[in-house]
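Here's a structure for you.
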Amino acid sequence: MCGISGALSLSPEKDVPALVQAIVEDQRPRGPDAQAVQTYASPEFRLALGHNRLSIIDLSEEANQPMLSEDGSLVMVFNGEIYNYIELRAELEAAGYRFSTNSDSEVLLTAFRHWNEGALSRTIGMFSLAIYDRRDHSLFLARDRFGVKPFYYYSDPRTFAFASTPRVLAKDAGLKPDLEYVARGIALKYYEDDSDIAPYDGLKALKPGHMMRVRVQDGRLSLDTRAYYDLTARADETRERLAGMSSAALDEELIALLDSANSLRLRSDVRVGLSVSGGVDSSMIASLIAQTGEPPTGFSFGHPEALDSEGPLVSRLAEHTGMHTRWVWPEAGPDLADLFWKTLQAQDAPFPHVSIMAQYAVFEAARADGFTVMLGGQGGDEAFMGYRKFYLFYLQSIMRTRNFGALPHFLSASLPLVPPVMRRSGVFWSERKRYSGGTEGMGVSLRLPAPRNVHSPALLPGQSLAERQALDVTRFSLPTLLRYEDRNSMGNSIESRLPFMDQRVVEFGIALPPKQKLNSGFGKHILRRVAKGMIPEEIRVNRDKRGFDVRQGQWLRSGLGAVLRDALEERRDVAREFLPAGDEIATVFSDGRLSSDPQAFKQAVSLIWLAKAGI
């Protein structure tokens, strides 16, 4: 797990090594164990490749990057982890290749020598990478299937530059924040998606599941981008294979997939911990780790004596699995100001809720305790319909397709959900406009341009339930959640590994029929079924899904609200530019408004970031 960077320029006056060195310095938290910049030249351009290393597999210096292939033809910088590197290495050794390290990086580089672009489809992992081919002087770039690892780039006809983080690239190219990116996040609560949008206007993200080749043609740089992965197509193939299988057979396959995904992600030469909540997903990971014979160490945002947190449920999980638990529960005081600024620095983009700060605090605590790798449950809700909105989409799908034979199942599946939904009706009502079918979403009161290239998160006419579920993975939910996860973990020099983001698990979950996912008032029904006996019943049958429990109102009243207002007053010129005429900072962002209006916190953070990013 690392940070990568590079710059290629046809212009002799462009100091590409200095740019890459600046990126390497800025990305130091992503890779504090080793940093390097190497320069390569061709008759037409200069190329610099940079790398920040967080040492996890094969801690020796020989595994540092940029890494040169055995025959000297390829140079690679790579960010991420190839979990099935041992199996790939065995295949490559059988083909005659020899290795000088025990790293997954050398396996990946050798796989490209042997299979070229076909190596991507053989990987189980997360990655962004750049490979310079010294034979034809081309640059090959790729990003993992779901965009777990970031890849930003800037290009013009004579220069191409890339990095794992956007800040220095934007500064070097003189780019300002993308106001539509900000407006989209406020209105629809998703920032990243399956496009190439980035936080800065003029900067692009390499799309998940895509690869790119950069070449020099007729004195200009040529960029050729292609997809190498299609989730919908893969899920369709899996659906055909699963058709007619019994529930027992499906259960057996799922538990085998989860066990494999989890076991692969435990491969490490450093300490591995777990981000754990009182939910089914992270609890199952804890149980699977415990079954290996070594109980996990779990870091949980909550406290066993705080009944409004997930602490009591996590305590039961610890009793059940033998898990060692580290509680993270900042409640008030000046530490919240420090936590806010560290989170904003790590994210380098707006975020909508204090739960993002809580996530940062969990990774910070894990790093302080000496952990370099953390497993987590991200992805389970998207792959197995864990969100309650899927019941709404299910009903809409039945009515639109006139599949009335499914109504009895819908009614029996949804009626037990009514009590927990009513208990949190205020939350659902406040976000109802996100699923109204339009693109105005929850609205934006700041003076920002209306987002143009956006999609409604609603179930649209002609869209199947499976297609809409896949869009939570590729567009509406996970891309933004993965940004939060990557920046918060890497901001603390921690690699976050996500078993539910294994492509085999995601494809299986999308392919399942709705009745395997929505049943008895539960989402993720099949997960809960296979979890019986693995996790406490209090967690397995808990319908009161709350998400990351954070006392937002208490945090705001005990000092965080004042931090936001002070920051806005210090940046008053920028705040005035975007606030409607007559709006006062003290009124619009009072503790009461920040606590009760779900848009207020998002807008405050957006204004602070806009000023900090140099609007």
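The values are calculated or read from the model by the stated rules, or taken from the named source; none is laboratory data. Quantities reported herein were computed from a predicted structural model and do not represent experimental measurements. Because the Cβ atoms are built from the backbone with ideal geometry, glycine has one as well, and the counts that use them run over all protein chains shown. In case anyone asks, the SASA skips ligands and DNA or RNA and just uses the protein heavy atoms, side chains included. Shrake-Rupley method; radii C 1.70, N 1.55, O 1.52, S 1.80 Å.
Just checking, how many residues over the stretch 385-402 are assigned to a loop (DSSP other than H, G, I, E, B) and either more than 16 Å from Leu471 (Cβ to Cβ) or among the hydrophobic types (A, V, I, L, M, F, W, C) (or both)?
3
Here's something else I'd like to know. Determine the pairs where a residue that is within 22 Å of Phe500 (Cα to Cα), located within the stretch 378-404, has a partner that is of a type in the set (Val, Ile, Thr) and open to solvent by 40 Å² or more (accessible area, probe 1.4 Å) with Cβ atoms under 9 Å apart, the partner being 6 or more residues away or on another chain.
Within 9 Å, the pairs are Arg388/Val421; Tyr391/Val421.
Kindly indicate which of Ser590, Ser493, Ser558 is in contact with a Pro (Cβ under 8 Å, 6 or more places away or on another chain) and small (Gly, Ala, Ser).
Ser493
Would you check if there is a residue in the stretch 572-590 being among the charged types (D, E, K, R) and in contact with a helix residue (DSSP H, G or I) (Cβ under 7 Å, 6 or more places away or on another chain)?
no
Tell me, yes or no, whether the stretch 554-566 has at least one residue that is open to solvent by 10 Å² or more (accessible area, probe 1.4 Å), assigned to a helix (DSSP H, G or I), more than 18 Å from Leu339 (Cβ to Cβ) and without any contact (Cβ under 8 Å) to a residue 24 or more places away in the chain.
no
What residue, among those in the stretch 443-489 that are within 12 Å of the chain's Cα centre (by Cα) and of a type in the set (A, V, I, L, M), is surrounded by the most Cβ atoms within 10 Å (Cβ to Cβ)?
Taking the candidates together, the pick is Leu478.
Checking the condition farther than 19 Å from Ser520 by Cα, at pLDDT 95 or above and open to solvent by 40 Å² or more (accessible area, probe 1.4 Å), which residue from Ala361, Ala349, Ala368 passes?
After ruling out the rest, the residue left standing is Ala368.
Name, by its number, the condition in (1) in a strand (DSSP E or B); (2) buried (at least 22 other Cβ atoms within 10 Å of the Cβ); (3) of a type outside the set (Val, Ile, Thr) that does not hold for Ala36.
It is condition (2) that Ala36 fails.
Just to check your reading of the model, which residue among Phe151, Phe146, Phe112 is out of contact with any helix residue (DSSP H, G or I) (no Cβ under 8 Å at 6 or more places or on another chain) and among the aromatic types (Phe, Trp, Tyr)?
None of the other options fit; the residue is Phe151.
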